[in-house]
Amino acid sequence: MHVIIDYGMGNLDSVQRAFTKVGMETKISNKAEDIKKAKSLILPGVGAFRDAIDSLEKTGLVPIINEEVKKGKYLIGICLGMQLLYEKSYEYGNYKGLGFIQGEIKFLDIKLKVPHMGWNNLKFKTADDPILKYIKEDDYVYFVHSYYASSGSNNKELIAYSDYEDLIPAIVRKENIYGIQFHPEKSAEVGLNILRAYKELIS
Amino acid sequence: MLARRIIPCLDVRNGRVVKGKKFQDIIDVDSPEKLGRFYSDSGADELVFYDITASNEERKTSLEFVTRVAKEINIPFCVGGGISTIDDFTNILRKGADKVSVNSSAVRNPQLIREASLKFGAQCIILSIDAKKNREGSWSVYIKGGREKTSLDAVEWAVKGVELGAGEIVVNSIDEDGMKNGYDLDLLRKITNAVNVPVIASGGAGSMAHFYEAVKYANVDGILAASVFHFGEIKIQDLKQYLKEKGIEIRI
């Protein structure tokens, strides 16, 4: 059983349905014992960073997530869930994240329209990463976000990105931790193919 | 590069898809989830459902279609029609829609946009504007499905809507709706020049060239149409191939 961490932010049904479609059985839970027993952890998220990290901390699950991830359990953060993996965010202030990945979440300070909303194509940075197994470079995925993970030139976690005036990290990985900025559950067949590959690589 | 979006629009009444010509002569087409799935599989980038169910009481039942659509498709979709309170937004987003569009109620109560935007984020608040050219050569905003003229100017209302927190503008031309003569490019161009959020063209598609013109000459981010898709006059795959060959960034 894989656990979608429930910290009271938004509708998790579509995320759960997407994992079900690729054959990953998931449970939406905020219970410590479920997280400890889980085969892998999924951290979803919509809304603002501040509210999300507040809610997540209030569940008391952060130390348990830390412990499980250190033991090598896979964790995948999706959309805002990816941003939470970083050290800090500047959305509506200055907030500390989970700190699994080095870097900061900054506003998309660009001339193009913000939020970065719609279908953008993926460019591969680490083409041999197994999560890309069932998709091709330039496949389109669906983004909705105004902040992005900025880790400067030291972006060794970068697996795939999109161009939107700036380089937008789309898939990142640090060992057993993955982050996906776009919405695989809203990205039609390409999104499912990414989850399909994820399922294989963690099993 | 961000792709331009092709968006089939489905009018829903009492849980069924219908399509009006000049908002009248309504013809039944099909079930929302069935058509939704069909379009999603055909390569639609997003879907819009407008619930035109007359009474609030009936709409509660009608909106059950949102849950069914969310289960069927895995592309983003927007729901509009009769939304007038924050509870309506909450209800529809909980059922699994990605965006909610407001029209008449936002004209009557512009603060609804601000409140909803603060609560749910600008990206899921779509301001839908029904506009009709007036004698002065500008465009007036209409409400109640095109039946009632307001004193608002469409371009000014779009700008105001974005200031209040709308994350996207859908511009529906009443003059062109159902006429198949092409989109109202002048109106669209004025609005895309005036706001810095995505603008979606609606009303007037009759041929593939009309879609191209809306992107090329009015720089819209998305193009919405209904009957040409519902009646199979234009196939989404063909349209996307055509636009791509014309050099438009399109997801295929």
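The portion of the accessible surface of the protein assembly as shown made up by carbon and sulfur, rounded to a whole percent, is 47 (1.4 Å probe; DNA, RNA and ligands excluded). Each residue, B:Asp175 and B:Ser84, gets one label point 7 Å from its Cα in the Cβ direction; the gap between the two is 3.1 nm.
In chain B, the sites counted are trypsin sites (Lys or Arg not before Pro) in DSSP loop states with at most 11 other Cβ atoms within 10 Å, and the longest stretch holding none of them, exclusive of the sites, is B:1-134. Modelled this way, with points 7 Å down the Cα-to-C-beta line, the labels at B:Ser138 and A:Met1 are 6.1 nm from one another. With a ≥ b ≥ c the root eigenvalues of the C-alpha gyration tensor of the protein assembly as shown, is it rounded (a/c under 1.5), prolate (a/b larger than b/c) or oblate? Here the protein assembly as shown falls in the prolate category. From the square roots a ≥ b ≥ c of the eigenvalues of the alpha-carbon gyration tensor of region A:1-136, which class results: rounded (a/c under 1.5), prolate (a/b over b/c), or oblate? Because a/c hits 1.5 or more and a/b fails to exceed b/c, region A:1-136 counts as oblate. Going by accessible surface with a 1.4 Å probe and the largest first, A:Lys136, A:Lys27 read A:Lys136, A:Lys27.
For region A:2-202, the per residue solvent-accessible surface stands at 40 Å², with DNA, RNA and ligands left out and a 1.4 Å probe. Here the label points at A:Lys133 and B:Glu148, each 7 Å from Cα along the C-beta direction, are separated by 5.9 nm in the simple model. Among the GluC sites (Glu not before Pro) in region A:1-107, those placed in a DSSP loop whose Cβ has at most 11 other Cβ atoms within 10 Å are A:Glu25.
The A-B contact accounts for approximately 2100 Å² of buried accessible area, totalled over both chains at a 1.4 Å probe radius.
Given +1 at the Cβ of Lys and Arg, -1 at the Cβ of Asp and Glu and no other charges, the dipole of chain B around its Cα centre is 60 debye to the nearest 20.
Report summary: the helix-based calculation at 222 nm, which adds -39500 (n - 2.57) for every DSSP H run with n ≥ 4 and divides by the residues of chain B, gives -11000 deg cm²/dmol. At a probe radius of 1.4 angstrom, the accessible area of region B:5-245 per residue rounds to 41 square angstrom.
The GNM of chain B, with springs linking C-alpha atoms under 10 angstrom apart, assigns the highest mean-square fluctuation among B:Gly137, B:Gly81, B:Gly96 to B:Gly137. Look at the alpha carbon pairs under 8 Å that are at least 6 residues apart: their mean separation over the length of chain B gives a relative contact order of 18 percent.
Compute for region B:5-245: radius of gyration divided by Kirkwood radius, i.e. Rg/Rh, restricted to C-alpha atoms, rounded to two decimals. That ratio is 0.93, to two decimals. For GluC sites (Glu not before Pro), the sites in region A:116-203 that DSSP calls loop and that have at most 16 other Cβ atoms within 10 Å are A:Glu137, A:Glu165, A:Glu175.
The values are calculated or read from the model by the stated rules, or taken from the named source; none is laboratory data. Quick caveat, the model's predicted, so the values are computed rather than measured. Because the Cβ atoms are built from the backbone with ideal geometry, glycine has one as well, and the counts that use them run over all protein chains shown. Protein only, heavy atoms only, side chains kept; ligands, DNA and RNA dropped before computing areas. Shrake-Rupley method; radii C 1.70, N 1.55, O 1.52, S 1.80 Å.
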